[in-house]
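Okay, structure first, notes after.
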Amino acid sequence: MRVDFVANVSHELRTPLASILLMAENLESGRTRDAATTARYHGLIKREAQRLSRLVDDVLDFSRLERGKKLEVRREDVDVRAVVDDWCTEFRAWAAQHQLELALDVRDLPTTAALDKDALRRALFNLLDNARKHSGSKRARFEALGERRAHAGGDHHAVLVLRVADEGVGIPPAKRASVFEPFERLREGHDAAPGTGLGLAIVKEIVLAHEGTIAVRDPEHGSGAVFELALPCDRGDEEDE
């Protein structure tokens, strides 16, 4: 698995780097002679650099976990509506760049929550990118809503629920527990989409660091998979002490 991991990471790093170098060389050589083409190249370079940054972050996070260190998040009280609006703006732009039809459903949000908005943004981008690359569908959905759920002791608390759903091939029930394990890939072989096998493992650790839960299930209607993150809006007692 480690040999495959190194090979996959090398491939994943090489692809955006090659794109960045090619576009930078075209800009440097003056082959882009009009403002519109130059602006498009700049946008593409930014997109590939962001892709590279997310990959490096995943590898660094996994390296920490391999050394027995917990994933660190910086939770702070945030305006949930403002954060979700920012995410949706980024998701729309990203989906348009990747020819993904993305539906957004935002409703009944809590006013505030203790979140690391940047870590969760990475987690959601991982889920959306998985839906794009692995589901076999060009349609996905992002949902954000507030709910009240019961603690183990019976008390109810406010929860921010985030869902990423696709309309693709779905995930077999037998794979749903292991899909969050490092290096786990649903499909292997020449027709499998590229990837490191780290994305869902990192997503799970980000959710656990928020004292939340993550699950994958079938959609209520049609085919595909639904990944649900349930995050308590308040910090736990241990964090407050």
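Data overview
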{"item": "From phi via Karplus (6.51, -1.76, 1.60), per-residue ³J(HN,Hα) for the stretch 82-99 in Hz, x at Gly/Pro", "result": "5, 5, 5, 4, 4, 4, 4, 4, 5, 5, 4, 5, 4, 4, 4, 5, 9, 6"}
{"item": "The chain: relative contact order as a whole-number percent, Cα under 8 Å and 6+ apart", "result": "20"}
{"item": "Among Ala18, Ala131, Ala123: highest mean-square fluctuation, GNM of the chain, C-alpha pairs under 10 Å", "result": "Ala18"}
{"item": "Helix-only [θ]222 nm of the chain, DSSP H runs n ≥ 4, -39500 (n - 2.57) each, per residue, nearest 500", "result": "-15500 deg cm²/dmol"}
{"item": "Solvent accessible area, Å² - Thr112, 1.4 Å probe, full protein context", "result": "80"}
{"item": "Lysines whose Cα lies under 23 Å from that of Lys175, excluding same-chain neighbours fewer than 8 positions away", "result": "Lys133, Lys138, Lys204"}
{"item": "Which of His157, His11 is most accessible, then next, and so on - probe 1.4 Å", "result": "His11, His157"}
{"item": "When the convex hull of its Cα atoms is projected in every direction, mean area for the stretch 15-100 (nm²)", "result": "8.3"}
{"item": "Vicinal HN-Hα couplings computed from phi for the stretch 162-170 (Karplus, 6.51 cos²θ - 1.76 cosθ + 1.60; Hz; Gly/Pro x)", "result": "10, 10, 10, 10, 10, 10, x, 7, x"}
{"item": "Under Karplus coefficients 6.51, -1.76 and 1.60, residue-wise ³J(HN,Hα) of the stretch 117-124 in Hz, glycine/proline x", "result": "5, 6, 5, 5, 4, 4, 4, 5"}
{"item": "Cα-centre dipole for the chain with unit charges at Cβ (Lys and Arg positive, Asp and Glu negative), debye to 20", "result": "980"}
{"item": "Among Gly170, Gly68, Gly136: highest mean-square fluctuation, GNM of the chain, C-alpha pairs under 10 Å", "result": "Gly68"}
{"item": "GNM flexibility winner over the chain from Leu145, Leu128, Leu27 (Cα, springs under 10 Å)", "result": "Leu27"}
{"item": "Per-selection Kirkwood Rh - the chain (Cα, Å, 1 d.p.)", "result": "19.4"}
{"item": "Long-range amide H partners of Ser223 with built H, under 5 Å", "result": "none"}
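The values are calculated or read from the model by the stated rules, or taken from the named source; none is laboratory data. All values derive from a computational prediction rather than experimental measurement. No Cβ is skipped: glycine too gets one built from the backbone with ideal geometry, and neighbour counts run over all protein chains shown. Ligands, DNA and RNA are excluded from the accessible area calculation, which covers all protein heavy atoms including side chains. Shrake-Rupley method; radii C 1.70, N 1.55, O 1.52, S 1.80 Å.
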